[in-house]
Amino acid sequence: MPALLHRRLHTGRELIRRHADLPADPALSTASAAFDELLAGGLPRGRLVELVGRRSSGRFSVVLSALAGATLAGEGAALVDLGDGLDPQAAAAAGVVLERLLWVRPSHLKPALISAETLLTGGFALVVLDLGYPPVPGGRGTEAVWRRLARAARDRRSALLVASPYRVSGTAAAVVARAGGGRPLWRGGRRTPRLLEGLASHLELEKRRGAGPAAAGQPLTLAHPAAYTAPAAPPRRGEATGAPPLAERPGEECRLERLAEAG
Amino acid sequence: MPRLACLVVPLFPLAARLRSEPSLKQEAAAVLEGNGNAARVLAATRRARRGGVLPGMSLPQARALIPKLLTRGRDALCEGAARASLLEVAAGFSPRVEDAAEGVVFLEIDGLERHFPGPSPEHDLGHALTVAAGKAQLPVWVGIASSKLAARVAAEQPGSPTLIPDGSEAAFLAPLPLVRLSPAAEVVVSLRRWGIRSVGDLARLPANDVASRLGESGRELHQKARGIDPHPLVPHQPPPVFTEGLELEWPLVSIEPFLFVARAALERLGRRLEGRGLACVRLELALDLEPDGCHRRRLELPAPTREVKTLLTLLRLDLEKTPPGAPVCGFTLTAEPDRPVEAQLSLFGPAALSPGRLATTLARLFALLGSGRFGAPRPVDGHRPERSALVAYAPPPPPEVRPEPRRGHGLLQVRVLRPPLPIEVIADAGPPGDGPNGGGRPRELRQQAREDTARRPAIRGRVRVAAGPWNLEEGWWETENVERDYWDVELAGGGIYRIFRDRGSGEWFADGIYD
């Protein structure tokens, strides 16, 4: 048999496996351009995606972006928040539609894992399991548990995002991304008041099961909510361009006044 | 056409009250609706009516006529009992009974003439109904006809019981005024303009012309005028009771054997509920105890479900929380039914969460975590970052068309530390009066060696950059006021934190990590 023909022939089992690996539904777009680029379009449905990041790496911001993307698209989303760190006001400001978000606040890893599986079988399009910071109450969970969660996500065609401070899901994860290199962006110096303006971080793809184009790394820049300005309309011809001065930014006036008072 | 009897209790709110307080019958008394001087007379006793008190009068008007008028408000319990009693009277004669309104009951009487062999069986039946209702302390008027409308109008005629022979409904109704058919106000105006005063006048008009001029309501009214009742008898069905139970051969002292038998009972309940398209919204458990006694408990579910596994888990948690305290020799499980929420699927938009599956999911989470641990987050007014609130999760329906993906603002988020984590801070001296470790610039953060902070994120290290302070004052008008000086700090070992110093106590806390 010619070698070319042999390469194109497959067994039935191989075809079934290939078909199962193909994403039938469109990926769930997140509201973060960098994360979408990294995942080649968004969170794949029916897969477990693990996002690893230490403190101040931008991991939680990416999690909220994913929730914002899903809820803005009208999908039901759930956050299993083991660290109990969600600020509803900030989440709403980030674009999360709070009415569509189910916030689950377990106090231990075991009920968190059971909650995540319950939510996946409940039909939520996106389930985010955030483990918070170490020490995670309950440890890492076993490989079998993560495989079980991945199977539940595959059966229901739901996207499962596990955000953890270290790798936990082992071989169950179809995609592993890492947020790291977080560097705070400070404004001001010795003579002017110092302000936290944002965070410059980096997203890297550690693992991606199956073929498909994807970016290996993406810069992630996050703006402090007080320093954020909505994108302005394109300038007219002849009009001066450039960032507005600090005192003209929303919410900055009172901040500067307080800093001046404090000396 | 089946023969129908109508029982009407005149002045039902008053009759229900007199049934409970017979002593009022001889007094000048009235039943009122409303409060204070806005209360209106609904019904009055004969003595009060003789004194001039009429329905619709205000209380001051009635008191001006009879200063010693006894008044009572409407009593839902009295009226409910009277209504149930009237239904029982009717059900004693016929199995097909309709509860039409307050104090109005219809019953089908076909075949009952065999029990009244006199010359006028229907007349005797009417008398028997009056006597039976009188024993239940309810005065009734009885009308018998071949349609509900004619029977009711007949019951309201003097000289109960009133009999309308089969086929003479139209002739009986013809001389009556139009208002007996309860027409719509705009239809009455049109008919008056046409010179139509009685039911017979309307019945003589051509049906098609009336329908073309007055529409659907006019067509229905014309049918009624001709003695044709469009509404058939709707038999009253008592609400189904979903109860399963078992008497045990040996008393049980541990929870596992009990749950084994309870599971089978719950499965039977689930099948019965499923057969009627219902789900359980409240589960009641009654345990018979050895040697005697009964232990009852009630489980409230966040959403209707009939999933056995969830109900069993809730049962287990509840029994573990409050054990009955004695061996169990029998039990009864009663499910309060409710209709599961239904939703319409979308062809082009994102798939909605199935209401039934969502209800089961919420019930499972409730069994796993308890109340107050899940729900939809709700913004709370205020400035304290750790504030939060949860409401019941009831997502709105998804959009009909899938929207285009939208980009977020790319905002840096703060992971809130709940409750704020106490830390030690080495800081510069602050303004005079703020104490030795006052509101100066933080230089170093240290973890407090306390039992409650052992399982929380460690925050320690030299401060590389600090920005602040920002003042937060809230609740100064309350006893628990908050006065904080906030700082954003970057530690040399990595990590950006939001810390604050409580101005009242001088203690430092970390309440968020920029992430």
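For the reader, a short list of remarks on this structure follows.
- The number of residues in region B:376-413 being without any contact (Cβ under 8 Å) to a residue 12 or more places away in the chain and over 22 Å from A:VAL104 (Cα atoms) comes to 9.
- Counted residues, region B:104-115 - those being buried (at least 17 other Cβ atoms within 10 Å of the Cβ) and either free of Cβ contacts under 8 Å to residues at least 60 places away in the same chain or among the small types (Gly, Ala, Ser) (or both): 1
- Residues of region B:459-502 that turn out to be of a type in the set (Val, Ile, Thr) and in contact with an Asp or Glu (Cβ under 9 Å, 6 or more places away or on another chain), as a count: 5
- Qualifying residue in region A:139-159 (condition: at positive phi, surrounded by fewer than 17 Cβ atoms within 10 Å (Cβ to Cβ) and in contact with a His (Cβ under 6 Å, 6 or more places away or on another chain)): no
- Residue match in region B:139-152 (condition: touching a residue at least 24 places away in the same chain (Cβ under 8 Å) and within 30 Å of B:ALA38 (Cα to Cα)): yes
- Taking the listed residues B:GLY382, B:GLY372, the one that is more than 7 Å from chain A (Cβ to nearest Cβ), on the phi > 0 side of the Ramachandran plot, part of a loop (DSSP other than H, G, I, E, B) and modelled with pLDDT under 85 is B:GLY382, with no other qualifying.
- Strands (runs of 3 or more DSSP E) contained entirely in region A:45-155, each with at least 3 residues that are more than 7 Å from every other protein chain (Cβ to nearest Cβ): A:48-53, A:77-81, A:126-130
- Flag if B:LEU191 is in a helix (DSSP H, G or I), more than 18 Å from B:ILE109 (Cα to Cα) and touching a His at 6+ places or on another chain (Cβ under 8 Å): no
- Across region A:102-121, the number of residues qualifying as crowded, with 24+ Cβ neighbours inside 10 Å and without any contact (Cβ under 8 Å) to a residue 12 or more places away in the chain comes to 1.
- The condition of being in contact (Cβ under 8 Å) with a residue 24 or more places away in the chain and assigned to a loop (DSSP other than H, G, I, E, B) holds for only one of B:LEU221, B:LEU233, that being B:LEU233.
- Qualifying residue in region B:1-22 (condition: at pLDDT below 90, outside any loop (DSSP other than H, G, I, E, B) and more than 28 Å from the chain's Cα centre (by Cα)): yes
- All conditions in (1) surrounded by fewer than 22 Cβ atoms within 10 Å (Cβ to Cβ); (2) polar (S, T, N, Q); (3) closer than 20 Å to B:VAL234 by Cβ hold for B:THR71, with the sole exception of (3).
- Number of residues in region B:161-188 that are under 14 Å from B:HIS123 (Cβ atoms) and crowded, with 21+ Cβ neighbours inside 10 Å: the value is 3.
- Against the test of being out of contact with any Cys (no Cβ under 9 Å at 6 or more places or on another chain), at pLDDT 90 or above and in a loop (DSSP other than H, G, I, E, B), the options B:ALA326, B:ALA265, B:ALA352 yield a single qualifying residue, B:ALA326.
- Number of residues in region B:144-184 that are under 12 Å from B:GLY200 (Cβ atoms) and either among the polar types (S, T, N, Q) or assigned to a loop (DSSP other than H, G, I, E, B) (or both) equals 3.
- Matching residues in region B:472-491 - criterion: being within 12 Å of chain A (Cβ to nearest Cβ) and either farther than 15 Å from B:PRO442 by Cα or not in a strand (DSSP E or B) (or both): B:LEU472, B:GLU473
- Unique match (being part of a loop (DSSP other than H, G, I, E, B), at the interface with another protein chain (Cβ under 7 Å from one of its Cβ atoms) and more than 26 Å from B:GLY512 (Cα to Cα)) among B:PRO405, B:PRO397: B:PRO405
- Residues in region B:194-209 that are closer than 13 Å to B:LYS224 by Cα and assigned to a helix (DSSP H, G or I): 6 in all.
- Cβ pairs under 8 Å, 6+ apart, first in region B:120-134 and over 16 Å from B:GLY159 (Cα atoms), second surrounded by fewer than 17 Cβ atoms within 10 Å (Cβ to Cβ) and among the hydroxyl-bearing types (Ser, Thr, Tyr): none
- A:ALA90 being in contact (Cβ under 8 Å) with a residue 60 or more places away in the chain and surrounded by fewer than 23 Cβ atoms within 10 Å (Cβ to Cβ): yes
- Some residue of region B:501-510 being at the interface with chain A (Cβ under 9 Å from one of its Cβ atoms) and surrounded by 14 or more Cβ atoms within 10 Å (Cβ to Cβ): no
The values are calculated or read from the model by the stated rules, or taken from the named source; none is laboratory data. Since the structure is predicted, the reported quantities are computational estimates derived from the model, not experimental observations. All Cβ positions, even for glycine, are placed from backbone atoms using ideal geometry, and neighbour counts span all protein chains on display.
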